[in-house]
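Written below as structure tokens is the structure these notes are about.
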Amino acid sequence: MTATTSPSPATATPSPLADATRDEASLRRFLQGLPGVDQVGVEQRAAGLATRSIKKAAKLWAIDTAISMVDLTTLEGADTHGKVRSLAAKAKRPDPDNPDTPHVAAVCVYPDMVPIAVEALAGASIGIASVATGFPSGRTSREIKLADVKLAIDAGATEVDMVIDRGAFLEGRYGQVFEEIQAIKAACGDTHLKVILETGELATYDNVRRASWLALLAGGDFIKTSTGKVSPAATLPVTHVMLQAVRDWHDTTGELRGVKPAGGIRTTKDAIKYLVAVHEVAGEAWLTPHLFRFGASSLLNDLLQQRRTQADGHYSGPDYVTVD
């Protein structure tokens with residue numbers, strides 16, 4: 001597999017797992033039959049991999065790879081057209097003084113801001129992601145959630161980030177969550193769907209594993225940790241569990257699905273820890289923006305500062321990068 005590998009199209013449940021989604025009872029039996037997560041083991045492995053040292057040449061590669069994986073995000077009630085245009089300009093040319101700096105993977109905004117992002121990113125090979133389905137709580141009807149998705153796609157979104165109904169999941173109404181993700185995926189068509197699990201509300205690693213598999217079974221192209229509005233957001237152990245899920249999914253079905261940790265990843269040091277986890281847990285094939293993303297706003301600035309430091313041999317402070 002190469003770094004240009006794209007996610008496998010997420011449509012019907014692959015035949016090796018068709019029985020798992022035959023009915024509510026089958027789905028419950030499958031999800032509750034998944035092996036339990038060894039909490040101590042996953043936390044120790046995450047901590048151990050986080051201590052890996054990176055040599056200078058590898059660090060430069062890691063920084064550029066991380067930049068290319070960023071979904072540059074603004075999801076505030078005070079977002080303006082001007083802020084989205086500025087974000088788009090930064091997405092295209094993160095460091096204007098160094099044109100060899102890679103562009104980011106996508107810009108992520110609310111549905112009503114998608115037309116502004118589309119206009120600002122015209123001609124650029126940068127994704128336009130939109131949160132939808134009553135983000136961040138998901139507490140609205142399915143009809144409104146589908147309308148939210150349609151609004152984003154009609155405006156030009158190339159990726160949709162939906163939130164699952166955590167209340168339904170935690171009450172064990174797996175079929176309801178499954179059907180809703182399926183309905184959203186059907187509405188997306190060829191538009192990539194990222195399914196936000198909001199892992200900070202799922203309480204246990206076992207629930208994270210079940211929610212990951214539920215989202216994959218229902219057709220999610222990516223599984224995403226968090227909205228960024230709930231603490232804790234992304235953590236290394238949780239991301240390990242999700243990377244294991246997509247790896248096991250590939251082993252079972254031959255299909256590639258992606259992972260997106262979001263929220264709380266602010267430094268280059270943190271980003272590199274996640275890249276090490278991707279390589280060691282899922283595999284080298286996932287070290288591409290087609291299969292791994294960072295949902296972030298402030299991370300990019302630190303990556304740019306550290307990139308300049310590596311290239312120039314001296315520290316470049318925040319005055320040398322644009323402020324979001």
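The values are calculated or read from the model by the stated rules, or taken from the named source; none is laboratory data. Here the structure is a predicted model, which means the values were calculated and not measured. All Cβ positions, even for glycine, are placed from backbone atoms using ideal geometry, and neighbour counts span all protein chains on display. What goes into the accessible areas is simple: the full protein's heavy atoms, side chains included, and nothing from ligands, DNA or RNA. Shrake-Rupley method; radii C 1.70, N 1.55, O 1.52, S 1.80 Å.
Using Stokes-Einstein with the Kirkwood hydrodynamic radius over Cα pairs, what translational diffusion coefficient do you get for region 199-259 at 25 °C and a viscosity of 0.890 mPa s, in µm²/s rounded to a whole number?
Working: Rh = 11.6 Å.
After rounding, the answer is 212 µm²/s.
Taking only protein heavy atoms into account and a 1.4 Å probe, give the accessible area per residue of the chain in Å².
Roughly 41 Å² per residue, with all protein chains present.
Work out how much length Ser298 to Glu76 would gain on full extension: take 0.36 nm times their residue separation and subtract the Cα-Cα distance, in nm to one decimal.
Difference between extended and current length: 78.5 nm.
For a bin width of 10 Å, list the pair-distance distribution of region 41-125 built from all Cα-Cα distances, rounded to whole %.
Distribution as computed: 16, 36, 25, 19, 5 percent.
Can you give the FRET efficiency to the nearest 0.05 for Ser26 and Ala168, using r as the Cβ-Cβ distance and R₀ = 22 Å?
On the way: r = 18 Å, r/R0 = 0.81.
E(calc), rounded to 0.05, equals 0.80.
Within the chain, which complete DSSP H helices have Cα atoms spanning at least 24 Å along the helix axis and a mean Kyte-Doolittle hydropathy of -1.0 or higher?
Qualifying helices: 236-253.
Take the Cα radius of gyration of the chain and divide it by 2.2 N^0.38 Å, with N its residue count; two decimals is plenty.
On the way: Rg = 18.9 Å, N = 324, 2.2 N^0.38 = 19.8 Å.
In units of the globular-protein estimate, the chain measures up at 0.96.
Of the heavy-atom accessible surface of region 8-153 (probe 1.4 angstrom), what whole percent is carbon and sulfur? Mind dumping the intermediate values first?
Numbers: 4070 of 7280 Å².
Carbon and sulfur together cover 56 percent of it.
Summing +1 for each Lys or Arg and -1 for each Asp or Glu, what net charge is found among the other residues whose Cβ lies under 14 Å from the Cβ of Thr267? Mind showing how you got there, number by number?
Details: positive: Lys59, Arg266, Lys269, Lys273, Arg307; negative: Asp270, Asp302.
Charge balance near Thr267 sits at +3.
Rounded to the nearest 0.05, what FRET efficiency do Leu34 and Asp312 have when you use their Cβ-Cβ distance and R0 = 35 Å?
Numbers: r = 49 Å, r/R0 = 1.39.
So the FRET efficiency works out to roughly 0.10.
Hey, what D do you get for region 91-216 in µm²/s if you plug the Kirkwood alpha-carbon radius into Stokes-Einstein at 25 °C and 0.890 mPa s?
Roughly 158 µm²/s, to the nearest whole number.
Alpha carbon centre of region 95-115 versus region 243-299: separation in Å?
First find each Cα centre; the distance between them is then 19 Å.
Per the helix-only calculation at 222 nm, which mean residue ellipticity applies to the chain, given -39500 (n - 2.57) for every DSSP H run of n ≥ 4 and division by its residues, nearest 500 deg cm²/dmol? The partial results should precede the final answer.
Numbers: 12 runs with 142 residues, N = 324.
That comes out to -13500 deg cm²/dmol.
Can you give the extra length, in nm with one decimal, that the chain gains between Ala183 and Val118 once fully stretched, where that is 0.36 nm per residue apart less the Cα-Cα distance? Write out the running numbers ahead of the final one.
Working: separation 65, 0.36 × 65 = 23.40 nm, distance 2.51 nm.
So the extension gain works out to 20.9 nm.
Extending each Cα 7 Å along its Cβ direction at Ala18 and Thr253, get the distance between those two points in nm, one decimal.
The modelled label-to-label distance comes out at 1.4 nm.
Out of all DSSP beta bridges in the chain, what portion is antiparallel? Express it as a percent rounded to 5. Don't skip to the end; give the middle numbers.
Details: 0 of 26 bridges.
Rounded to the nearest five, the antiparallel share is 0 percent.
Treat region 97-165 as a sphere of radius equal to its Kirkwood radius over Cα pairs and apply Stokes-Einstein at 4 °C in a medium of 1.567 mPa s; give the translational diffusion coefficient in µm²/s, rounded to a whole number.
On the way: Rh = 12.7 Å.
Reported coefficient: 102 µm²/s.
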